1. Can you confirm whether the range 324-340 contains a residue that is touching a Cys at 6+ places or on another chain (Cβ under 8 Å) and touching a residue at least 12 places away in the same chain (Cβ under 8 Å)?
2. Test each condition in (1) in contact (Cβ under 8 Å) with a residue 60 or more places away in the chain; (2) surrounded by fewer than 24 Cβ atoms within 10 Å (Cβ to Cβ) for residue 165 and report the one that comes out false.
3. Out of everything in the range 11-25 that is surrounded by fewer than 23 Cβ atoms within 10 Å (Cβ to Cβ) and among the hydroxyl-bearing types (Ser, Thr, Tyr), what residue ends up being nearest to residue 124 (Cα to Cα)?
4. Can you list the strands (runs of 3 or more DSSP E) lying wholly within the range 36-129 that have 1 or more residues being more than 16 Å from the ligand (Cβ to nearest atom) and in contact with a Phe, Trp or Tyr (Cβ under 6 Å, 6 or more places away or on another chain)?
5. Looking at the range 316-336, can you tell me whether even one residue there is buried (at least 24 other Cβ atoms within 10 Å of the Cβ) and in contact with a Phe, Trp or Tyr (Cβ under 6 Å, 6 or more places away or on another chain)?
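The values are calculated or read from the model by the stated rules, or taken from the named source; none is laboratory data. This one's a predicted model, so the numbers in the text were calculated from it and none came from an experiment. Neighbour counts run over all protein chains shown; Cβ positions are idealised from the backbone, glycine included.
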Amino acid sequence: MEEEIRLLIIYTGGTIGMIQDPQTGTLKPFNFEKINEQIPELSRFNYQLDFHSFDPLIDSSNTNPEYWIQLASLIEQHYESYDGFVVLHGSDTMSYTASAMSFMLENLNKPVIFTGSQLPLGVLRTDGKENFITAIELAAAREDDLPVVPEVCIYFENHLMRANRTLKYNAENFNAFISPNYPLLAEVGVYVKFEKQYILKPNFKKLKVHKKLDNRVGILKLFPGIRPELVHAVLSVPDQRAVILETFGAGNATTEEWFLNELKQAVAREVLLVNVTQCMAGTVEQGKYDTSFLMKQMGVISGYDCTTEAVLAKLMFLLGQNLSMEQLKKRMNISLRGEMSVV
Ligand code: ASP
């Protein structure tokens with residue numbers, strides 16, 4: 001007899017778990033022990049579904065690295081007892097949290113599917129019900145006794161995506177996330193069409209959970225007319241270890257001398273500078289234009305086709321490992337969890 005599939009549903013907060021207070025009309029988290037009242041369909045699954053609710057529940061805008069460590073630790077603690085995990089999370093920072101999980105959970109061989117919703121479960125037209133039910137199906141999907149998607153993903157509005165390739169790009173459509181530089185892992189309609197060639201393969205190694213994150217990183221979004229004082233302030237924050245430069249197009253920035261000097265000084269202070277494009281899709285190609293050649297020359301590294309969310313999570317993860325600058329650059333330049341297209 002086939003063994004029953006066991007999934008742990010982790011509720012962290014966010015819109016999906018809210019209902020309207022009949023008295024005040026405001027949205028508030030509902031008691032997750034009563035989830036079956038909200039989604040009676042759950043009892044029709046032939047899986048063992050267990051629930052863990054974070055306390056306190058948070059709006060995902062309040063998340064932070066400590067919270068990510070708690071989440072990764074929870075998955076570690078229950079890793080052997082479950083076949084997969086569904087994480088219900090606010091959509092606002094879901095790409096950040098899920099990207100962080102992808103780096104923190106090394107040798108992950110089970111599905112960790114993040115989902116949420118734009119409208120609360122308690123609202124008639126909610127997108128949460130479909131997202132939740134399908135995320136459960138995706139986490140439970142198996143073939144030849146192996147999980148079909150043994151990686152950290154986001155499932156939202158018919159699309160299963162590699163988490164560290166996603167970003168939230170729409171604040172009100174149900175279709176809120178995209179994976180601009182990597183194909184969907186599955187498309188869900190009448191059938192669930194897995195794109196197996198794009199899904200990571202299990203490596204059968206023991207899970208290793210990394211719980212040291214270093215948040216001494218910054219993001220500097222460039223814009224025409226940016227003041228030298230602003231660039232200086234971000235690059236010279238005390239103890240700063242890395243700064244993501246959000247540049248134009250294929251990785252371009254002003255070639256004004258003051259700007260290049262600020263970058264040079266930051267590099268001299270051992271601040272790692274990573275060039276990520278402000279464009280939603282495409283890749284950084286340092287050296288293609290004059291306006292990125294000089295950055296490349298002075299040691300700014302390319303973020304290639306990574307999202308800012310993924311680079312931020314990767315930096316916090318790698319900086320937490322006390323690597324030398326050389327090792328750090330080396331690891332930034334390779335894809336660790338499928339977060340960049342290998343060049
Ligand atoms: N502000 C909410 C959050 O991210 C929005 C959502 O859940 O979609 O927690």
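1. Yes, the range 324-340 has at least one match.
2. (2)
3. Ranking the qualifying residues of the range 11-25, first place goes to 24.
4. Numbers: elements: 48-53, 84-88, 112-115.
Passing ranges, in order: 48-53, 112-115.
5. Within the range 316-336, one or more residues are buried (at least 24 other Cβ atoms within 10 Å of the Cβ) and in contact with a Phe, Trp or Tyr (Cβ under 6 Å, 6 or more places away or on another chain).
Each row is one residue, and each column tells you yes or no for (1) farther than 18 Å from residue 92 by Cβ; (2) assigned to a loop (DSSP other than H, G, I, E, B); (3) more than 17 Å from the chain's Cα centre (by Cα); (4) at pLDDT 95 or above.
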| site | (1), (2), (3), (4) |
| --- | --- |
| 154 | no, no, no, yes |
| 161 | no, no, no, yes |
| 172 | no, yes, yes, no |
| 180 | yes, yes, no, yes |
| 184 | yes, yes, no, yes |
| 190 | yes, yes, yes, yes |
| 193 | yes, no, yes, yes |
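Here's the yes/no breakdown for (1) of a type in the set (A, V, I, L, M, F, W, C); (2) free of Cβ contacts under 8 Å to residues at least 60 places away in the same chain; (3) in contact with a Phe, Trp or Tyr (Cβ under 8 Å, 6 or more places away or on another chain):
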residue: 134; (1), (2), (3): no, yes, yes
residue: 142; (1), (2), (3): no, no, no
residue: 148; (1), (2), (3): yes, yes, yes
residue: 172; (1), (2), (3): no, yes, no
residue: 203; (1), (2), (3): no, no, no
residue: 208; (1), (2), (3): no, no, no
residue: 227; (1), (2), (3): no, yes, no
residue: 240; (1), (2), (3): no, yes, no
